[in-house]
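FYI, it's all coordinate maths here, none of it is from the lab. For clarity, every value in this text was computed on a predicted model and none was experimentally measured. So basically every Cβ, Gly included, is an ideal-geometry build from the backbone, and we count neighbours across all protein chains shown.
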Amino acid sequence: MDVYGLLGNPVGHSLSPPMHEAAYDELGLEARYVTFEPDQDDLAAAIEGADALGIAGLNVTIPFKQEALEIVAPEDLATRIGAVNTIDFSGSGPPTGYNTDAVGALRALRDHDVDLEDARAVVVGAGGAGRAVAFGLADAGATVAIANRTEPKARQLAEAVPRASGHGLAALERLLAEADVLVNATSVGMEEDSTPVPADALHGDLAVLDAVYQPLETRLLRDAAEAGATTVDGAWMLLYQGVEAFEIWTGRDAPVEAMNEALRSRL
Ligand code: ATR
């Protein structure tokens, strides 16, 4: 029996257990996925303990993603992003840390036939999600304009990301006029029916990914659909960060359909 899990605090409403267990069921794997809520200052002990117990892999979420970077041996992309959300214990040395949020966004877009090579992308938000998406898009060959409410944070992030520029939200209309891809990596749209992007800046040549998945149909995605844009909801990003973690841990292709169904039936 292989045991996988999620470290976070709180993790009560996480959709990762049913998503991963649907994959184990589909492939007939003897595995379980469980949640753990260590105290804030017990993260290192929790990861070392998991390793000692033979746990096969862990996802890491708020508030531990940044600190986890200091405890495991991080991959290059996770180091650049500054956060780890997936730990693999299968090697003989220290556990390896990955950031599958970045790849999750890329796979969500590619799954909707969005070509990222040489694409002009606009990322709204420069927090944890914005960092992951910006580095991921740059690695995929896109030019990245980062727009954030707090403009200096966007500029600072843009200095670290190849071929990136940093802006305030006022630049969005101008940036979007020439863009192919838009990603909302802010929390705007989660609580209320609000959007960080003016509707008239959207157009039919855009692909729009909203990282918000509660609700699935955000005001941004409704506006984007109305403008004739390709829309990709936040459940795709959530799905593909899990798919990527599954594939790192097991070395097998994930049963994407089964995982998607388990996720969407709960949203
Ligand atoms: P996460 O890890 O989910 O990205 P975060 O690091 O707290 O969370 O970042 C939240 C992002 O949403 C930030 O880019 C934040 O902008 P600021 O850097 O200016 O705070 C953005 N954000 C949150 N509320 C916002 C709002 N009402 N309007 C515009 N941007 C907002």
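Evaluate the Debye formula for segment 58-123 with equal point scatterers sitting on the alpha carbons, no solvent, and hand back log10 of I(q)/I(0) at q = 0.14, 0.21, 0.28, 0.29 Å⁻¹, in q order, two decimals.
Treating every Cα as an identical point scatterer, log10 I(q)/I(0) equals -0.48, -0.83, -1.13, -1.18.
Extension gain ASP200-GLU261, at 0.36 nm per residue separation less the Cα-Cα distance, in nm?
Contour length minus the Cα-Cα distance gives 18.6 nm.
Rank these for me by crowding, PHE36, PHE246, going from fewest to most other beta carbons within 10 Å.
With the fewest neighbours first, PHE36, PHE246 line up as PHE36, PHE246.
Could you give the nm distance between label points at ARG120 and GLU30, where each point is 7 Å from its Cα heading toward the beta carbon?
A separation of 5.7 nm, rounded to one decimal place.
Distance from the Cα centre of segment 163-208 to that of segment 77-152, in angstrom?
17
Can you give me the relative contact order of the chain as a percent, contacts being Cα pairs under 8 Å and 6 or more apart?
The normalised contact order for the chain reaches 17 percent.
Efficiency by 1/(1 + (r/R0)^6): what FRET value for ASP41 and GLU217, r their Cβ-Cβ distance, R0 = 30 Å, to the nearest 0.05?
It comes out at approximately 0.15.
Quick one: Debye curve from the alpha-carbon atoms of the chain only, equal weights, vacuum; give me log10 I(q)/I(0) at q = 0.10, 0.11 Å⁻¹ to two decimals.
With one equal scatterer per Cα and no solvent, log10 I(q)/I(0) is -0.49, -0.59.
Taking 7 Å along the Cα-to-C-beta vector as the label spot, tell me the GLU48-ALA171 distance in nanometres, rounded to one decimal.
Spacing of the two 7 Å Cα→Cβ label points: 4.5 nm.
Only Cα pairs under 8 Å and at least 6 apart count here; give the relative contact order of segment 102-232 as a rounded whole percent.
22
What ranking of ASP118, ASP233 emerges when the number of other C-beta atoms within 10 Å of each C-beta is taken as an exposure proxy, fewest first?
Least to most surrounded, the residues fall as ASP118, ASP233.
Taking the Cα centre of segment 102-232 as origin, sum charge times position over the Cβ atoms of Lys and Arg (+1) and Asp and Glu (-1), and report the length of that vector in debye to the nearest 20.
Roughly 500 debye, rounded to the nearest 20.
Apply the membrane-span-like helix rule to the chain: whole DSSP H runs, Cα extent along the own long axis of at least 18 Å, mean Kyte-Doolittle hydropathy at least -1.0. List the helices found.
Helix filter hits for the chain: 234-250.
7 Å from Cα along Cα→Cβ at both ALA73 and ARG163: what's the point-to-point distance in nm?
Between ALA73 and ARG163, the simple spin-label model gives 3.1 nm.
Apply 1/(1 + (r/R0)^6) to the Cβ-Cβ distance of ASP253 and THR150, taking R0 = 41 Å, and write down the FRET efficiency to the nearest 0.05.
Using R0 = 41 Å, I get an efficiency of 0.50.
For segment 112-120, what does the Karplus curve 6.51 cos²θ - 1.76 cosθ + 1.60, with θ = phi - 60°, yield as ³J(HN,Hα) per residue in whole Hz, taken in order and with x for Gly and Pro?
These are the phi-based 3J(HN,Hα) values: 9, 6, 8, 8, 9, 4, 6, 6, 9 Hz.
What's the long-distance tail for segment 102-232, i.e. % of Cα pairs beyond 28 Å?
Looking at segment 102-232, the distances longer than 28 Å represent 4 percent of pairs.
Among VAL34, VAL183, VAL103, which comes first, second and so on when ranked by fewest other beta-carbon atoms within 10 Å?
Least crowded to most crowded, the residues run VAL34, VAL103, VAL183.
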